[in-house]
Amino acid sequence: LNVLPWSLMSVCENTMVTLCENVGQKGCVGRRNGSYLSSDMLEGGNNAGHTVVVDSVEYDFHLLPSGIINPKVTAFIGNGVVIHLPGLFEEAGKNQRKGKSLKDWEKRLIISDRAHIVFDFHQAVDGVQEQQRQEQAGKNLGTTKKGIGPVYSAKAARSGLRICDLLADFTQFSERYKVLAQQYKAMYPTLEIDIEGELVKLKDYVEQLKPMVRDGVHFMYEALHGPPMKILVEGANAALLDIDFGTYPFVTSSNCTVGGVCTGLGMPPQNVGEVYGVVKAYTTRVGIGAFPSEQNNKIGELLQTRGKEVGVTTGRKRRCGWLDLVLIKYAHMINGFTALALTKLDILDVFPEINVGLAYKVDDEIIPHFPGKCVCVPKKYIYGKSFKLHGQMSC
């Protein structure tokens, strides 16, 4: 479990944000999460995964905010999240069977009525698009095939469907669903969609969802202006996967930097208190994309095995490399971190010497910034420094 340095936490503000810094997707949850009355997820879907260990029981979260493992915490899924309903209930049931921490989870979960719904055909389209990229360009983006890109595309095109649509008039919802499905079939003729079958499943979720769904804006306003409440906001993806600031196009489809707190929850900027950046003592990445400090050798293999670096969602091994301070500085420029949670230092214990990336070189010149087109920085052009280690380090 990656644990936040709670001694750095300020008590002058009620809202704290935890954001992952580099291109890995490992989240973090504090052991003292019990001091928070609200734990909020702001963006993404079940493409990211967070592993949380409580009383030696390992829980895997994708859509559920990690704070839901605490019975005193109300968990909130914001409007910026895209929800695959079968995945949500499957995740809850799987974790509930593991231990007692998720008892009565459905009574402590609030879902924004403005959150968009991921349909099965979004996931199918995701797979088709990846196949087309591979066939046409010789490489794909390495998505999780969870339908995240297609559903955010539908949201931007104003053809998506939200939780409030599902709970309002199911006849109208069904009509709009069928139109959307036909649009995708027109774009991808080989796509197979069980329209009636999925509509039946969606209708079955209506009664289960009703007690959980609230007007998200009103809920957040009450949380911020009602009785004093501490709020922990959890980012699903890392800063370098942000749709605007990440290593585009090898990014996710939402804003997972600090600005996503406002747009993904309906929270005014002045209510954001502490912003904690979560960073490992080395760098990891799941899937394809730029990675200047990657160690595609025995060092990378050792970091991967010792750190148990496997994607929670896909089971893919994470690519590993030395700590890249250029990425950390860049993430800080965007997010304005008030503190850093440096994790997994102990993984480096076995190395007599470690390297740290300090700058990038392009055309034999050191550049003072993180380039928008990061692929222009070959691995051999990362300027670094070596450090000899004495003794052991621990988190």
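The values are calculated or read from the model by the stated rules, or taken from the named source; none is laboratory data. All values derive from a computational prediction rather than experimental measurement. Cβ: placed from backbone, ideal geometry, glycine included. Neighbour counts: every protein chain shown. Surface areas here come from the heavy atoms of the whole protein model, side chains and all, with no ligands, DNA or RNA. Shrake-Rupley method; radii C 1.70, N 1.55, O 1.52, S 1.80 Å.
Here are the numbers for this structure:
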{"item": "Selected from Leu202, Val217, Tyr184, residue furthest toward positive end of dipole (the stretch 169-218; charges at beta carbon)", "result": "Val217"}
{"item": "Rounded percent of accessible protein surface that carbon and sulfur make up, the chain, 1.4 Å probe", "result": "52"}
{"item": "Model label zone, Cys164; criterion: amide N under 19 Å from point 7 Å along Cα-to-beta-carbon; scope the stretch 107-130", "result": "110-118"}
{"item": "The stretch 193-267 versus the stretch 172-187: alpha-carbon centroid distance in Å", "result": "23"}
{"item": "Accessible area in the full protein assembly, largest first, 1.4 Å probe, for His62, His50, His225", "result": "His225, His62, His50"}
{"item": "Answer label for P(r) over Cα pairs in 10 Å bins from 0, in percent (calculated), chosen among (i) 5, 23, 32, 25, 12, 3, 0; (ii) 4, 19, 26, 24, 15, 8, 3, 1, 0; (iii) 5, 24, 34, 26, 9, 1, 0", "result": "(i)"}
{"item": "Value of [θ]222 nm, deg cm²/dmol, for the chain, DSSP H segments ≥ 4, -39500 (n - 2.57) each, nearest 500", "result": "-9000 deg cm²/dmol"}
{"item": "Computed label-point distance, nm, for sites Gln172 and Ser386 using a 7 Å Cα→Cβ extension", "result": "6.8"}
{"item": "1.4 Å probe accessible area per residue over the chain, in Å²", "result": "46"}
{"item": "Charge dipole (the chain, unit charges on Cβ, about Cα centre) - positive-most of Val310, Ser174, Leu232", "result": "Val310"}
